[in-house]
Amino acid sequence: MAEITGGELLLRALHAQGVRRIHAIPDGTYQWVMEAMKRLASELECELVVPRHEAAAAHMADAETRVTGEPAVVMACAGPGAANLVSGVLTAQAEGSPVVAITTTRRSEIAYPHAGAMQVADQLAYFRPAVKWSAPVRDWRSIPDLVAQAFRAAVSGRPGPVHLDVPENVLAERREAGGVRVHPGPARPAASVPAPDLVTRAAEWLTSATLPNLHLGGGAVRAGAADEARALAEHLGCPVTTAVAGRGLLSEDHPLSVHPLCPAAALLHRSADVVLAVGVRFGELDFWGRAPMWGEAPEQRLVQVDVESEHIGMNRPADLALVGDARAALQLLLEAVRERTPARPAHARLAEFRRIQDDWRQALDAPLVDEHRKPVLTGSLFKILDECLPPDAILAMDGGNTCMWGVHHHVARAPRSLLWTANFGHLGTGLPYAIGAKLARPERQVYCVTGDGAFGFHMQELETAVRCQLPIVVVVAVDGAWGMEKSSQNRIFGREGDWLGCDHAPVRYDRLAEAMGCHAEYVETAAEFRDALPRAIAAERPAVIHAAVDAEANTKPPGMELWVASHAAH
């Protein structure tokens, strides 16, 4: 039996779990993995995607998991590479993304304990709080077992990142391939289901409710529960809202959908006598699930579905707790509801909610009517993109106030179509998210809208997009400042004094992009943006549109008053 390196064994173990792409910057500590990728390319068909920064690599893997629902792999080298990786892994943890992070260490005899060797740190210690599960690989023979265990941990319960730490000498070691068994995969635990009697009671509450409200969160997206959620809502004829992390699970063009940030959603949340919350933690962006944005007990009963029991009742007590996988729970609920009632027409109050939503939308869009206004309002960028791109286009959204405009003006029409760090708010994710999404879903149009401050974190990844020949469109909303910090300073201190550290030096991001090999456009009005967008798409290579937005208006994005009021109420 031929001998193989630990690097090849690791690659074969990853391949058995369905891995066909690894995000990593080449490094000597795992050159045996890269050698095997090249030598076995025709057999394993595993692609190496090389970013310009390890945090960006983690974001790319994060996006891959979110558009496919499957784990994705990122590797980083000993010391600095692993340290760079942590911020991206923390973001994946906050968003519930099953990223498998593999770090290398220097040789075992000099890595632990630290004896003064270069690029040595206690990587296990600082990764442990950032992941669901972490383990060192101390022996060549344990590689397949630990890889399989890592993948099971990544996708079990609430998905999240996991970590393996591998010394370079283990990857370099050669042993007979027959001495170890690679586990077939991918490893998928059985979906957990809630107790049948609780499902029955929830179905009774929903069918007898005066006004039921189905409220969907990120957990429902991660479970792939779009079809079940739509079928249940349509059978009950009930209005549907989403948390910002759940947007797109039901198209916001659907007759039962109520936009999560419009006044109609607040009225619905206060008026519903039964709320079925699926994969929702009732955190800050859900206004903690409390009055005045939601109804009060006992007038409003809450049925909460979550795969993690500790999420239930976190900020608002649940009247009925269904612990289990969101998709499985919705399927059981649908069956139980169908047994109790035939399909119902749309609820009588939906017309009222839709009318309020239409009025809100009309007022929101009114300032955008003049497409020759200079400089352009950030909301116009999202409105035109929604009009011009297909319904299943994937939006990677990044920034502070830029995202405030986006969550109001963008209409999410498909599951797994909106990538945003809604829970962590980590700047710089937008471009890497777009790259990861396009790699994983090349058949879909992928675009990124980012503020210029956020774009500055990882704009070097434009070179990665060019090298990988990815036709993504990046729209940089340029106000020349940390816009959200201006909003905060204005709210707290007023405008008597100067801005504190907010303004940037002028940068022409279109020229920077052109120097990197991208198609580039510069626009100052919505009309110019409308003309530039088709050219950017037709270029069939990475394209960057520098959009000079109204800096003054950008300090007052839509929804800021609601955000402030919610904090005051809490």
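Quick notes
- Residue count, the stretch 280-308 (criterion: part of a helix (DSSP H, G or I) and either over 22 Å from the mean Cα position of the chain (by Cα) or on the phi > 0 side of the Ramachandran plot (or both)): 3
- No other residue among R128, R141 is among the basic types (K, R), more than 22 Å from the chain's Cα centre (by Cα) and part of a helix (DSSP H, G or I) apart from R141.
- Residues of the stretch 484-512 that turn out to be closer than 21 Å to F382 by Cα and of a type in the set (A, V, I, L, M, F, W, C), as a count: 1
- Within the option set P367, P342, P375, P390, being open to solvent by 20 Å² or more (accessible area, probe 1.4 Å) and out of contact with any helix residue (DSSP H, G or I) (no Cβ under 9 Å at 6 or more places or on another chain) holds for one residue only, P390.
- Scan the stretch 68-86 for residues that are open to solvent by 10 Å² or more (accessible area, probe 1.4 Å), aliphatic (A, V, I, L, M) and closer than 25 Å to V155 by Cβ and the total you get is 1.
- Selected residue (only one of R270, R281, R327 is of a type in the set (K, R) and touching a strand residue (DSSP E or B) at 6+ places or on another chain (Cβ under 9 Å)): R281
- P186 passes every criterion in (1) open to solvent by 10 Å² or more (accessible area, probe 1.4 Å); (2) modelled with pLDDT of 95 or more apart from (2).
- R270 being open to solvent by 10 Å² or more (accessible area, probe 1.4 Å), under 19 Å from T421 (Cα atoms) and not aromatic (F, W, Y): no
- Condition check for R338 on (1) more than 22 Å from the chain's Cα centre (by Cα); (2) within 23 Å of V258 (Cβ to Cβ): one failure, at (2).
- Applying the criterion of being in a loop (DSSP other than H, G, I, E, B) and aliphatic (A, V, I, L, M) to the residues of the stretch 171-204, the residue that is farthest from the chain's Cα centre (by Cα) is V180.
- If you filter the stretch 31-49 down to residues that are in contact (Cβ under 8 Å) with a residue 60 or more places away in the chain and touching a helix residue (DSSP H, G or I) at 6+ places or on another chain (Cβ under 6 Å), you find that the one that is least open to solvent (accessible area, probe 1.4 Å) is V33.
- Residues of the stretch 522-539 classified as in contact with a strand residue (DSSP E or B) (Cβ under 7 Å, 6 or more places away or on another chain), part of a helix (DSSP H, G or I) and either open to solvent by 70 Å² or more (accessible area, probe 1.4 Å) or among the aromatic types (F, W, Y) (or both), total: 2
- Contact map, the stretch 388-405: first residue in contact (Cβ under 8 Å) with a residue 40 or more places away in the chain and over 15 Å from P442 (Cα atoms), second residue open to solvent by 20 Å² or more (accessible area, probe 1.4 Å) and assigned to a helix (DSSP H, G or I), Cβ cut-off under 6 Å, separation 6 or more or different chains; pairs are G400/M484; N401/M484.
- Pair list, Cβ under 6 Å, 6 or more apart: the stretch 268-287 residue closer than 14 Å to H347 by Cβ, other residue open to solvent by 40 Å² or more (accessible area, probe 1.4 Å): D273/T210; V274/R301
- Annotation note: Cβ proximity below 7 Å between a residue of the stretch 528-552 that is within 21 Å of T402 (Cα to Cα) and a residue that is at pLDDT below 95 (sequence gap 6+ or interchain) occurs for V549/D479; A551/D479; A551/G480; A551/A481.
- Residue in the stretch 468-496 that is most open to solvent (accessible area, probe 1.4 Å), counting only those that are farther than 21 Å from P442 by Cα and of a type in the set (A, V, I, L, M, F, W, C): F493
- Test: L350 is touching a residue at least 60 places away in the same chain (Cβ under 8 Å) and closer than 17 Å to G237 by Cβ: yes
- The stretch 135-154, residues that are open to solvent by 30 Å² or more (accessible area, probe 1.4 Å) and closer than 12 Å to V182 by Cβ: R141, D145
- Filtered residue count, the stretch 345-364, keeping only those that are of a type in the set (S, T, N, Q) and open to solvent by 60 Å² or more (accessible area, probe 1.4 Å): 1
- Filtered residues of the stretch 308-339 (kept if open to solvent by 70 Å² or more (accessible area, probe 1.4 Å), modelled with pLDDT of 95 or more and among the aliphatic types (A, V, I, L, M)): none
- Considering the stretch 95-111, the residues that are aliphatic (A, V, I, L, M) and at pLDDT below 95 include one that is farthest from G425 (Cα to Cα), namely I110.
- Once the stretch 500-511 is narrowed to residues that are modelled with pLDDT of 75 or more and touching a strand residue (DSSP E or B) at 6+ places or on another chain (Cβ under 8 Å), the residue that is most open to solvent (accessible area, probe 1.4 Å) is R511.
- Residue in the stretch 451-467 that is in contact with a Gly (Cβ under 9 Å, 6 or more places away or on another chain), aromatic (F, W, Y) and open to solvent by 10 Å² or more (accessible area, probe 1.4 Å) present: yes
- Filtering the stretch 298-307 to residues that are out of contact with any Leu (no Cβ under 8 Å at 6 or more places or on another chain), closer than 30 Å to A191 by Cβ and open to solvent by 40 Å² or more (accessible area, probe 1.4 Å) leaves only V307.
The values are calculated or read from the model by the stated rules, or taken from the named source; none is laboratory data. Here the structure is a predicted model, which is why all the values come from computation and not from measurement. Here Cβ is always computed from backbone atoms with ideal geometry, including for glycine, and neighbour counts include all displayed protein chains. We work out accessible area using only protein heavy atoms, side chains counted, and drop any ligands, DNA or RNA first. Shrake-Rupley method; radii C 1.70, N 1.55, O 1.52, S 1.80 Å.
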